[in-house]
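A short worksheet on the structure shown next.
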Amino acid sequence: MSNALVVQLNLLLAALILLTSFALLMQRRMFAIIHIFAWQGFFLGVSTAIIGYASGVHHLYLSALLTLVMKMMLLPYILYKLILKLKIHRQIECMVNVPTTMMIGIALVIFSYHLTEPIRQLSVLMTRTTLAVALATVMLGLLMMVTRSHAVSQIIGFLAMENGLFFAATSATFGMPMVVELGVALDLLIAAFIFGIFFFHINTTFDSLDVDQMAKLKETD
Amino acid sequence: MTLTLLLWISVLVAAALAFIGDWRYAPEVNIAGSALTFAVSLALALQVYQTGAFLAGGNFFFVDPFNVYLVVLTTFVSTTTAIFSRRYMRVERAHGRVGPMRMRFYHAMFQLFIFAMLMALLTNNLGVLWISMELATLATVLLVSLYRTPTAIEAAWKYFILCGVGIAQALFGTVLLYFAAERVLGEGGNALLWTNLNQVSGQLEPTVLRLAFVFLMVGYGTKVGLVPMHNWLPDAHSEGPTPISAVLSGLLLNVALYALVRCKALVDGSTGTHLAGNMMIGFGLLSLLVASFSMLRQKDIKRLFAYSSIEHMGIATFAFGLGGPIATFGGMLHMLVHSLTKSAVFFSVGHASQMHGTQEMSRIRGLIRGNPAVGWGLLLGVMALAGMPPFGLFASEFLILTATIKQMPLLTPLLLIGLAVAFAGLFRRVQPMAAGRIPPWQKPLSAANLPVALHLLLVLLLGVYLPGFLASWFQAAVGLLK
């Protein structure tokens, strides 16, 4: 593959990742959210592998494999099973102000481009332009966690943030050192275990996974 | 050698406690494990005392005066907390709030939490530091929801989500730091080692480091409990079991601040300006003021002291932001004495709320008459916390105040207002709880008095006399952080 082709492919994948971030932001069906998340993991894994091939940094192949296994298969599978077990797959989350959320999302993307401008100028890597998309994915995940009230959507937002961070590491520096990447993956697995337990606790205690019901702990006068 | 032993003990004890389950002597195993870690950490401290800072495990670990005193503090407080937890959890079990499975989980996670904190303190790799901070959060999330009440689950969920978001920002900051480091140090794990970065910090690109510090500040600041990222802290402290509140307040917040200070040293070296310091001053002062005013309207006793933790972490952050030898020295002393005092206060608070079956302050009365040890423990602990003279917090706050008057005199009134309001907020509530008649709903309780007495004695000692080795360590650390 020529260098120009790699840059083009990588940009395409970055665009697809950004697209899935926006799709996550407005999707309200449980299964559809998980499907989109799995696609995001797929694009991320492929992009990592391509960067690994083009740059000759071979430990990126391992990261790509790890991403595909964890984020495309394992995490979506766990979530899928949890949703079936909790019998919430027919639930449709109600959301307010989708257009406003979208507008904020677009503003966040522009903000990300602005914020990473000095870094993109400093970097000599062929992946430097995608750093802004990576930061935007983090921000959009954050936005999703803020605007959604369903526990599953909040967790997907959290995982999408993690995807964005991973993407940032590959585009800014061709990946973090392996020990760090493995550690982060381990933390993510433990987190998956914990939110699985949480879904059950919240569901049995509050009879639904709507987090808005949890509003007892407030400052009272 | 001592280092590997130190880390392995808590992992092995955690595994053993998970394996043996709810054995009769599980609390004793927990105490023994923590005490063993404490003994080994003393050996490590002795090593640093004799030979000075050193690298170990292929540069993976770094021990210097700054982190070794926090390591000793962490293992010491976890030992006393384990002693306190034995009595406390026995009562909770008798009340049917936890079952055998959850006790097993509680003990194993307690040790894992200690491991995560020790790892965060000792590692030289900033990426591993981040991983350990996240692990410490994950280990305590399910401990906060141990009682499975609706409020406990709400608090734990909030803790999980907010700290998850916060710490993700810190990872982005770490990525940026690695980006800047890679250009100087080349690719690979070496570029994230703090000692290497510190050597070349003058060559790191200032624009990138400035941006990185904003993310690191927000990320680790969330874990320190700085305003406005502090929302999780009062909830997690008030709903979790009291031993966990004690270690969260006394230890985890310190470790997060430690991470922030390490990063600040790098950013200062690179930018050559006071930007990082100014940000820490701003966040610290805001935390002090907001928390001290929030203390005035608390009804729940554990929430009151949770806000007091935010206040004191604000003071320490402010001190490190101020920089300079006196303020940094004061900040380090403040971390030490606050951690000892706050965990002692939480021990007394735990017993007091068990005696009254509630955490509501209006229903806790007549502590000194009901149980003199608990009553006096709480009263003296609060006096120390409010910065009364013979205790160590007076010394540290005095140092910080002196440095403020010298370096930034305009901020002195704000600092004084915060301290005064916090003082009033604490005494207004605690005085009626300690004094007065015994209410009819109070039940007698055999309390664990040793931990409280030990902590308060140490705080008193540190207030009147600072041992030579500690002073020289602090001075060495001050030189390191300049």
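The values are calculated or read from the model by the stated rules, or taken from the named source; none is laboratory data. Everything numeric here is computed off the predicted structure, so don't read it as measured data. As a convention, Cβ positions derive from the backbone with ideal geometry for all residues, glycine included, and neighbour counts pool all protein chains shown.
Looking at the stretch A:10-32, which of its residues are aliphatic (A, V, I, L, M) and touching a helix residue (DSSP H, G or I) at 6+ places or on another chain (Cβ under 6 Å)? Selection gives A:13, A:14, A:16, A:17, A:18, A:23, A:24, A:25, A:26, A:30.
Inside the stretch B:183-195, residues that are touching a residue at least 24 places away in the same chain (Cβ under 8 Å), more than 9 Å from every other protein chain (Cβ to nearest Cβ) and part of a helix (DSSP H, G or I) make up a count of 2.
Here residue A:138 clears all of (1) free of Cβ contacts under 8 Å to residues at least 24 places away in the same chain; (2) facing chain B (nearest Cβ under 8 Å) except the condition numbered (1). Among the residues of the stretch B:440-452, just one is surrounded by fewer than 17 Cβ atoms within 10 Å (Cβ to Cβ) and either modelled with pLDDT of 90 or more or in contact with a Ser or Thr (Cβ under 8 Å, 6 or more places away or on another chain) (or both), namely B:450. If you go through the stretch A:189-200 one residue at a time, do you hit one that is of a type outside the set (S, T, N, Q), surrounded by 21 or more Cβ atoms within 10 Å (Cβ to Cβ) and either more than 20 Å from residue A:76 (Cα to Cα) or out of contact with any helix residue (DSSP H, G or I) (no Cβ under 9 Å at 6 or more places or on another chain) (or both)? No, there is no match, as no residue in the stretch A:189-200 is of a type outside the set (S, T, N, Q), surrounded by 21 or more Cβ atoms within 10 Å (Cβ to Cβ) and either more than 20 Å from residue A:76 (Cα to Cα) or out of contact with any helix residue (DSSP H, G or I) (no Cβ under 9 Å at 6 or more places or on another chain) (or both).
Out of the stretch B:288-323, which residues are of a type in the set (Val, Ile, Thr) and either farther than 19 Å from residue B:344 by Cβ or under 16 Å from the mean Cα position of the chain (by Cα) (or both)?
B:290, B:310, B:315, B:317 - these are the residues of the stretch B:288-323 that are of a type in the set (Val, Ile, Thr) and either farther than 19 Å from residue B:344 by Cβ or under 16 Å from the mean Cα position of the chain (by Cα) (or both).
Among the residues making up the stretch B:20-37, those that are surrounded by fewer than 20 Cβ atoms within 10 Å (Cβ to Cβ), in contact (Cβ under 8 Å) with a residue 24 or more places away in the chain, part of a helix (DSSP H, G or I) and of a type outside the set (Val, Ile, Thr) are B:28, B:35, B:36. Candidates A:104, A:83, A:34, A:92: the one that is within 29 Å of residue A:212 (Cβ to Cβ), touching a His at 6+ places or on another chain (Cβ under 8 Å) and in contact (Cβ under 8 Å) with a residue 24 or more places away in the chain is A:83. Selection of the stretch A:105-130 for residues being facing chain B (nearest Cβ under 9 Å), in a helix (DSSP H, G or I) and within 25 Å of residue A:53 (Cβ to Cβ) yields A:116, A:119, A:122. Do the conditions hold for residue A:171, that is, is it assigned to a helix (DSSP H, G or I) and either of a type in the set (Lys, Arg) or surrounded by fewer than 24 Cβ atoms within 10 Å (Cβ to Cβ) (or both)? So residue A:171 does not fit the description; no. Can you tell me which residue is farthest from the other protein chains (Cβ to nearest Cβ) among those in the stretch A:206-221 that are in a helix (DSSP H, G or I) and in contact with a Ser or Thr (Cβ under 8 Å, 6 or more places away or on another chain)? This residue is A:212.
Of all residue pairs spaced 6 or more apart or on separate chains, those with beta-carbon atoms under 7 Å, a first member in the stretch B:157-182 that is charged (D, E, K, R) and a second member that is at pLDDT below 90 and in a helix (DSSP H, G or I) are B:182/A:173; B:182/B:191.
Out of B:347, B:329, B:320, one residue alone is more than 20 Å from residue B:428 (Cβ to Cβ) and either surrounded by fewer than 24 Cβ atoms within 10 Å (Cβ to Cβ) or not hydrophobic (A, V, I, L, M, F, W, C) (or both). It is B:329. Only one entry of B:290, B:184, B:255 meets the criterion of being surrounded by fewer than 24 Cβ atoms within 10 Å (Cβ to Cβ) and at pLDDT 95 or above, and that entry is B:290.
Within the stretch B:201-210, can one find any residue that is under 30 Å from residue B:411 (Cα atoms), assigned to a helix (DSSP H, G or I), without any contact (Cβ under 8 Å) to a residue 12 or more places away in the chain and within 14 Å of chain A (Cβ to nearest Cβ)? Yes, the stretch B:201-210 contains at least one residue that is under 30 Å from residue B:411 (Cα atoms), assigned to a helix (DSSP H, G or I), without any contact (Cβ under 8 Å) to a residue 12 or more places away in the chain and within 14 Å of chain A (Cβ to nearest Cβ). Of the residues that sit in the stretch B:42-74 and are in contact (Cβ under 8 Å) with a residue 60 or more places away in the chain and among the polar types (S, T, N, Q), which one is farthest from residue B:333 (Cα to Cα)? The selected residue is B:59. It is to be established whether one or more residues within the stretch B:150-173 are of a type in the set (D, E, K, R) and at the interface with chain A (Cβ under 10 Å from one of its Cβ atoms). The answer is yes; a qualifying residue exists. Residues of the stretch A:29-75 that are assigned to a helix (DSSP H, G or I) and among the β-branched types (Val, Ile, Thr): A:33, A:34, A:36, A:46, A:48, A:50, A:51, A:67, A:69. Taking residues in the stretch A:163-185 that are under 16 Å from residue B:186 (Cβ atoms) and more than 9 Å from chain B (Cβ to nearest Cβ), and partners anywhere that are among the hydroxyl-bearing types (Ser, Thr, Tyr) and assigned to a helix (DSSP H, G or I), the pairs with Cβ atoms closer than 8 Å and at least 6 places apart or on different chains are A:175/A:48; A:175/A:63. For the stretch B:253-270, state whether one or more residues are hydroxyl-bearing (Ser, Thr, Tyr) and more than 18 Å from the chain's Cα centre (by Cα). Checked the stretch B:253-270: at least one residue is hydroxyl-bearing (Ser, Thr, Tyr) and more than 18 Å from the chain's Cα centre (by Cα). In the stretch B:270-286, the condition of being among the small types (Gly, Ala, Ser) and outside any helix (DSSP H, G or I) is met by at least one residue.
Scanning the stretch B:113-153 for residues that are crowded, with 24+ Cβ neighbours inside 10 Å and among the charged types (D, E, K, R) yields a single hit, B:134.
When the test is whether a residue is within 27 Å of residue B:174 (Cβ to Cβ), within 11 Å of another protein chain (Cβ to nearest Cβ), within 19 Å of the chain's Cα centre (by Cα) and without any contact (Cβ under 8 Å) to a residue 40 or more places away in the chain, residue B:138 passes it. For residue B:118, the stated conditions do not hold, so it cannot be described as within 8 Å of chain A (Cβ to nearest Cβ), within 29 Å of residue B:16 (Cβ to Cβ) and either within 24 Å of the chain's Cα centre (by Cα) or not in a helix (DSSP H, G or I) (or both).
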